[in-house]
Amino acid sequence: MGERTGKTGWLEMVGAMAMSGTIGYFVIESGQSIWNVVFFRCLFGAMSLLVYCGWRGFLFPWRFTTRTFLLSLLGGAAIVLNWVLLFSSYRLTSISIATAVYNMQPFFLILLGIVLFGERPTRDAWGFIALAFIGLLLVVKIDPSGFSLTSGYLAGLGLALGAAALYAVTAVVAKHLKDLPPHLIALVQAVLGTLMLWPFADFTALPAHGFQWGYLVTLGVAHTGIMYILLYSAIQKLPTTRVAVLSFVYPAVAILVDYIAYGRDLSLAQWSGIILILLGSAGVNLKWKLGLSEPLRPLAARD
């Protein structure tokens, strides 16, 4: 039974990450402004999650305290803005580059740990951060004669980094909501996103073709509703290390989709940078050892 559960969790995690890797394609092909894309993702996502939560009996009785509801709203605001920044980055850089830079998120988690919880990262962690930062510099394409950056490219990189920072905020908030069904939290956050972005959505420039509506519905129902259901189900079945390893299916699929759909050619330096970022992220997530340091401990514990 345990083996079957583990295999189911593995399939669910791979499926969720593979779906996540195709998000950029649907965002671009929808032909909509970023505000419209995120608004409709939240709207259709909320509708699908409402059906699922109702079916599972999560809606009644009310499960939130004032504190957990406010935390859910905080996490929701962060994740919605995360989508706005990341999707904007796709169009200014590319799906591949934005996704690679977005995978700097574990390092923002470390920074938040220092600021909020007084954690002291190990030298090994700093080593992997340095590795990923070198990768980031390679991805940026620094020319010896100066910055040879196309218009908006640097802004796109900054947006992807901002999205990673916001994701870290969401992850920290989620740690304080462990007693709540994650699907219910996702529903609250999708409803919040719909309300947040309603004033920014341009209803005079809605999709003119049915297939564009199809992309938006897919982003909401599949990439939000179904994906979150698969993801949270997998997390409940798999050990943390396996979840961390399988998470790298996401950038691999995103880079593959970018190449197949748009023929994005990356330079050798950029490929090297992406590999370094992913290695650095894996090292932090899986707590690999470089033989540099002692275990993590709170700053308050120092003599």
Original post:
Can you sort HIS176, HIS209, HIS223 so the residue with the fewest Cβ neighbours within 10 Å comes first?
Top reply: HIS209, HIS176, HIS223
Original post:
In the P(r) worked out for the range 114-234, what percent of Cα pairs fall beyond 19 Å?
Top reply: 70
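How big is the C-alpha Rg of the range 170-214 next to the rule-of-thumb value 2.2 N^0.38 Å, as a ratio? Write down the numbers at each step before the final one.
Details: Rg = 15.5 Å, N = 45, 2.2 N^0.38 = 9.3 Å.
In units of the 2.2 N^0.38 Å rule of thumb, it is 1.66.
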Original post:
Between ARG123 and GLN212, what is the spin-label point distance in nm, taking each point 7 Å from the Cα along the Cα→C-beta axis?
Top reply: 5.7
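Counting only Cα atoms, I'd like the Rg/Rh figure for the range 148-292, Kirkwood definition for Rh. Walk me through the numbers before you get to the answer.
Numbers: Rg = 18.5 Å, Rh = 18.7 Å.
Rounded to two decimals, Rg over Rh is 0.99.
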Original post:
Which Rg and Dmax, in Å, describe the Cα atoms of the range 2-301?
Top reply: 19.4, 64
Original post:
Using the Kyte-Doolittle scale, which helices in the chain average at least 0.5 and also have C-alpha atoms spread 20 Å or more along the helix axis, with helices defined as whole DSSP H runs?
Top reply: 34-56, 66-92, 123-140, 153-174, 182-197, 268-285
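Which FRET efficiency value, to the nearest 0.05, is calculated for LEU50 and TRP10 with the Förster distance at 25 angstrom and r the Cβ-Cβ distance?
Working: r = 29 Å, r/R0 = 1.14.
That gives a FRET efficiency of 0.30.
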Subject >> Cleavage-rule hits, trypsin sites (Lys or Arg not before Pro), the range 47-127, DSSP coil, Cβ neighbours within 10 Å at most 15 >> reply: ARG63
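Computed from the coordinates by the stated procedures, all read-outs in this text should not be read as laboratory data. What you see is a predicted model; the values in this text were computed from it and never measured. In this analysis, Cβ positions are derived from the backbone assuming ideal geometry, glycine residues included, and neighbour counts consider all displayed protein chains.
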